[in-house]
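Here the structure is laid out as structure tokens; the discussion comes afterwards.
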Amino acid sequence: MSMARTLLCLAAAAMIVNSVVATTTFTVGGPNGGWDTATNLQAWSSAQAFSVGDNLIFQYTPNHNVLEVSKEDYDACQNSNPIQVYPNGATPISLTSPGSRYFICGAPAHCSLGMKIEVVTLAASAPLPDLSPDITTKPSDPSTSPAAFFPSPTETTPTSQQPASMGPTPTSMPSFPLSGSPQSFDSANALSTQPPPFSAAKVRATTSIGFSILILVPLFV
């Protein structure tokens, strides 16, 4: 049982590694052309996506060859100082690093007739398989929300009520200034039943009685 499980793990690992390091082999000018003057090689190269680890295959007749050159010689179609020469009719080229490489045909005038390509190689970057579980966020059910069981305080706050009337409203008591208090007398709250002021006649009578008493007292002393 453990052996079978080990073999399954190894097979899965091999599949993952194979998917990560998978490479592509390109036949230059294919599938409807080749390394010749009749194929639009620049358009073919621009339409490809080359990555590190990919391979090129140049297939051509004996009147052609493949020269890898510098960018300056590529632009000038100069074949006198090649980096590498391949004359065997079927040339494989491995793209081992990112960057641009330049190839031309070394036969006279063939480069000027279009037998030249620029190969732009990108760094290999394969995404890792997504092994995380699929967790989908679902909208919450309002019926199961805590708010459904615990109403907010604003919903349970009792409304203010006025006490029931128990009878006629008592009249307010008048306020009198206390003795020695700095509070001033409020005439607006005074009782309407306070004693009326003395009349002038009563004042005169009281004064006369007082003078009479002052005159008669010495007579009896």
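If you take the residues in the stretch 92-120 that are of a type in the set (S, T, N, Q) and part of a strand (DSSP E or B), which one is farthest from I57 (Cα to Cα)? Give the steps one after another, and end with the answer.
Keep residues of the stretch 92-120 that are of a type in the set (S, T, N, Q), which gives 94, 96-97, 100, 112.
Restricting the remaining residues to those that are part of a strand (DSSP E or B) gives 94, 100.
Details: S94: 9, S100: 17 Å.
The residue in question is S100.
Against the condition over 50 Å from the mean Cα position of the chain (by Cα) and more than 12 Å from C105 (Cβ to Cβ), how does A38 come out, does it pass? Steps first, answer last, please.
Details: over 50 Å from the mean Cα position of the chain (by Cα): yes; more than 12 Å from C105 (Cβ to Cβ): yes.
For A38, the condition - over 50 Å from the mean Cα position of the chain (by Cα) and more than 12 Å from C105 (Cβ to Cβ) - is met.
Tell me the residue from P87, P133, P146, P127 that is modelled with pLDDT of 90 or more and either aliphatic (A, V, I, L, M) or open to solvent by 80 Å² or more (accessible area, probe 1.4 Å) (or both), please. Please lay out each step first, then the result.
Details: P133 fails: modelled with pLDDT of 90 or more; P146 fails: modelled with pLDDT of 90 or more; P127 fails: modelled with pLDDT of 90 or more.
Within the list P87, P133, P146, P127, the selection yields P87.
Given the options G106, G99, G114, name the one that is under 14 Å from V28 (Cα atoms), at pLDDT 95 or above and among the small types (G, A, S). Quick ask: steps written out before the conclusion?
Numbers: G106 fails: under 14 Å from V28 (Cα atoms); G99 fails: under 14 Å from V28 (Cα atoms).
It is G114.
If a residue has to be in contact with a Pro (Cβ under 8 Å, 6 or more places away or on another chain) and open to solvent by less than 30 Å² (accessible area, probe 1.4 Å) to count, how many in the stretch 44-57 make the cut? Break it down stepwise before answering.
Our first condition is that a residue be in contact with a Pro (Cβ under 8 Å, 6 or more places away or on another chain); within the stretch 44-57, this holds for 52, 55-57.
Narrowing the set further to residues that are open to solvent by less than 30 Å² (accessible area, probe 1.4 Å) leaves 56.
Counting residues in the stretch 44-57 that are in contact with a Pro (Cβ under 8 Å, 6 or more places away or on another chain) and open to solvent by less than 30 Å² (accessible area, probe 1.4 Å) gives 1.
Considering only residues of the stretch 91-106 that are open to solvent by 20 Å² or more (accessible area, probe 1.4 Å) and small (G, A, S), which is nearest to N65 (Cα to Cα)?
At the first step, the residues of the stretch 91-106 found to be open to solvent by 20 Å² or more (accessible area, probe 1.4 Å) are 92, 94, 96-102.
The next check asks that each one be small (G, A, S); those that pass are 94, 97, 99-100.
Working: S94: 17, S97: 23, G99: 23, S100: 20 Å.
Looking at residues that are open to solvent by 20 Å² or more (accessible area, probe 1.4 Å) and small (G, A, S), I get S94.
The values are calculated or read from the model by the stated rules, or taken from the named source; none is laboratory data. For clarity, every value in this text was computed on a predicted model and none was experimentally measured. Counting neighbours? That spans all protein chains shown, and the Cβs are built from the backbone with ideal geometry, glycine included. Areas reflect the complete protein model, heavy atoms only, side chains present, ligands, DNA and RNA absent. Shrake-Rupley method; radii C 1.70, N 1.55, O 1.52, S 1.80 Å.
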